[in-house]
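The values are calculated or read from the model by the stated rules, or taken from the named source; none is laboratory data. Please read these numbers as outputs of a predicted model, since none were measured by experiment. Ideal geometry is used to build each Cβ from the backbone, glycine not excepted, and the neighbour counts take in all protein chains shown. These accessible areas exclude ligands, DNA and RNA; they are computed on the full protein's heavy atoms, side chains included. Shrake-Rupley method; radii C 1.70, N 1.55, O 1.52, S 1.80 Å.
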Amino acid sequence: MKKILNTKFFLDISDEFIPKIIIPFGVFFVILVVWELLVYFLRVPVYIVPSPLNIVDRLFEDIVFFIVQSSITLFVAIAGFVIGAFVAVFLAILIVLYKTIGRIVFPISIFLKVTPIIAIAPLLTIWFGFGVFVPLFIVALMTFFPILVNTHFGLYNVNHSSIRFFQSIGASKLEVMKYLRVRSALASFFTSVRICIPLALIGAVVAQFFGSGSGLGWVILVSYNNLDMTTCFAAVLSLSFIGTVLTISISFIENKIIFWSYQ
Amino acid sequence: MKTKMKKYDNDIEVCNLTHSYNINGKLVEIFREINIGFKKDSITSIIGPNGVGKTTLLNIIAGFIVPDTGNVRIRGVSSKEACTQKKIGFVSHDHGLLPWMNVFDNVLLTLTLNRKSNYHNLDEDESKVLQILDQLGLVDWRYYFPYQLSKGICQRVSLARALVLDDVILILDEPMANLDELTREKLRYDLLKIFSLNPRTVILVTHNITESIQLSDFVIVLSNQPAEIVKSFEINFAGKNNLDKVIVPTSVEFNNINNNIRDLLHEKNS
Ligand SMILES: Nc1ncnc2c1ncn2[C@@H]1O[C@H](COP(=O)(O)OP(=O)(O)OP(=O)(O)O)[C@@H](O)[C@H]1O
Ligand SMILES: [Mg+2]
C-alpha cells in the first residue's frame, strides 16, 4: 500500500538535519512572523484575527483549562476510534472468512459512508442526551468505514505464492487467517488509521458543539458565541497539536510493528 | 549410492484435460485433451517454451484453477481433496515467504500447518527444520528475515519449506530460476541426495534442459498452442544417479537426450 502521508521524516533526525528539520520549522516560523507583523501593522482588531503571540498568551494564561479540555477531546477521539476500529476489524475478518457476511455488511456500511454522520449529531443528542456518549458514538461511526474497507482489502489481497503454498499443504481457512492474512493486512490497516486521525478529531469536535458541555468543541462554540477569537484560536491550536502528536505516534508505532517493510 | 527401486504406479493422473483462457474477449485454447500420468516416487520434469501453459498446468493439478473439462486424480482423490488431506506442497516461482518470520520460523511453520494429528513434538520439528536447512546449505541464514536475503536464497528457503514435509507430492514451478549456475549445480546434487534418502513424487517445471535430465526420471516436452506433449523421455542411463560428485554429466546417453530435447524445442518453435 502506498503511504498517504509520509511522516517518517519526523523520526529520522540523524541524517540531513537541515533539510528535514530546519526547513519545515523555518517555513512555519516565517509564516507566524508575517502573521504577527500583518496583524500589528494593519491594526486588525483582536476579535477578528488575534496575533500568534496573543493566542499563545491566552493558552498559557489558562493552561490547565486547555489541557483538561484537550484531554476530553483526545479521549473521545481515541476511545471512539478504538470502538469503531475494533468493530471494523472484527467484521473485516468475518467477511473474509464467510463471504455471506460481506453481502450483509457492505451495503449497510456504504450507506453509513455516504451519510454525513455529523448531520445526525443533533438527532442523537435528542435521543441519547448530552455528555460523552454521543461524541463517542459519532467518532466510532465516522472511523468505522475507512478501517473496514482498508483492512478488508489488506486481508483479502495477500501474496499469491504464500497463500497457494499454505492451501496446498492443507492449512485451514482459520490458519491462513491467523498466520498469513492478519499480518499482511497491517500495512493497509495503518494507512486507514492515518486517514482516521483527522476524521476522529472532526467527529469529536463537531459532536461536542451539540451541548456536550465539555471538550475543545464546546470551548470553540462558547468562545464563538462570545466573539472571543483568541480563545477560539487557542482551542484550534490545541487541536492541531493533538493531531500532530497523534500522527507522529501512529507513524512511530507503525514503523515499530511493520519492521519488515524497510526493504 | 545405488539406484533406488521404484514402484511405478501412477500417483497423479491427468485425464482429458481441456482448458481455455478468455483473453480480452478472445477464447485462447491452452490445452486440448492432455493426458499425463505421474509415477509414484518419481521425478518428472516439464519443459517447454514461455507461455505454453506449464504454470497453468501445475495450478490445475494443485486444484487452484478448475479446468474446462477433464479431471485430475491425486492418489485417488480430487485435487481439492488432496489439498485438504495435506498431500501437496506447491512452490511457485516467487518465494512467498512470510516477511515477518525468519528463515527458521518460516520453515517451522510449514510443519505446524501440515500436521495431521494433534500430537507434535517441538524438539523433533526443530531438528527436522535444522536438518533440511543443513541439507540445502542454509543453516547460516536461519536467523535472517526474507528482506535481508537475496532472491536466490529466498527461493532456496521456499524449497526447504516444502522439502521439510516428507510425505507430500511436490509441485515445483521453476524453483531454481533465480540461482546462479554454480549454486544450481550444487542444489541439483543436494536435491538428488534428499530424494534418494526419501523418495517422493515430484513435478518440476524448468527451463534448463541439463537440469531436467539430471534431476528427473521422466522429462515431458510441451510445445505448441494449444499445448501438446511432444515427447516424453524416460531417463535411466547408467551413472545418472551417481551422487559422488557434483558434475555435469558428459556421457553419450546424456548428450543424446540433451540434443534430442533441444532439437524438439527448436523444431516446434520455428
Ligand atoms: N490468468 C490468465 N488469464 C488469461 N490468460 C492467461 C492467464 N494466465 C496465463 N494465461 C495465458 O496462458 C498461457 C500460459 O501461461 P502460463 O503462465 O501457464 O505459461 P508458462 O508455460 O508457465 O510460461 P513461463 O515459462 O513464462 O512461466 C500464456 O500464454 C498466457 O497468455
Ligand atoms: Mg510459468
Of the residues in the stretch B:86-105, those that are surrounded by fewer than 24 Cβ atoms within 10 Å (Cβ to Cβ), of a type outside the set (D, E, K, R) and more than 7 Å from chain A (Cβ to nearest Cβ) come to B:93, B:101, B:102, B:104
Among the residues listed as B:79, B:117, the single one being of a type in the set (Ser, Thr, Tyr) and open to solvent by less than 50 Å² (accessible area, probe 1.4 Å): B:79
I'd like to check something: does the stretch A:152-160 contain any residue that is in the same structural domain as residue A:218 (by TED's automatic domain parsing), hydroxyl-bearing (Ser, Thr, Tyr) and in contact with a Leu (Cβ under 7 Å, 6 or more places away or on another chain)? no
Those residues of the stretch B:42-67 that are more than 9 Å from ligand 1 (Cβ to nearest atom), over 20 Å from residue B:218 (Cβ atoms) and surrounded by 16 or more Cβ atoms within 10 Å (Cβ to Cβ) come to a total of 3
In the stretch B:40-85, how many residues are at the interface with another protein chain (Cβ under 9 Å from one of its Cβ atoms), free of Cβ contacts under 8 Å to residues at least 40 places away in the same chain and out of contact with any Gly (no Cβ under 8 Å at 6 or more places or on another chain)? 3
Can you list the strands (runs of 3 or more DSSP E) lying wholly within the stretch B:166-270 that have 1 or more residues being farther than 28 Å from residue B:136 by Cβ and at pLDDT below 90? B:218-223, B:228-234
For the stretch A:206-263, which residues satisfy the criterion of being within 14 Å of chain B (Cβ to nearest Cβ) and among the β-branched types (Val, Ile, Thr)? A:257, A:258
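Just checking: which of the strands (runs of 3 or more DSSP E) contained wholly in the stretch B:1-89 hold 2 or more residues that are within 16 Å of ligand 2 (Cβ to nearest atom) and modelled with pLDDT of 90 or more?
Qualifying strands (runs of 3 or more DSSP E): B:10-23, B:26-39, B:43-47.
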Just name the residue that is surrounded by the fewest Cβ atoms within 10 Å (Cβ to Cβ) out of those in the stretch A:116-164 that are outside any helix (DSSP H, G or I) and within 19 Å of the chain's Cα centre (by Cα). A:116
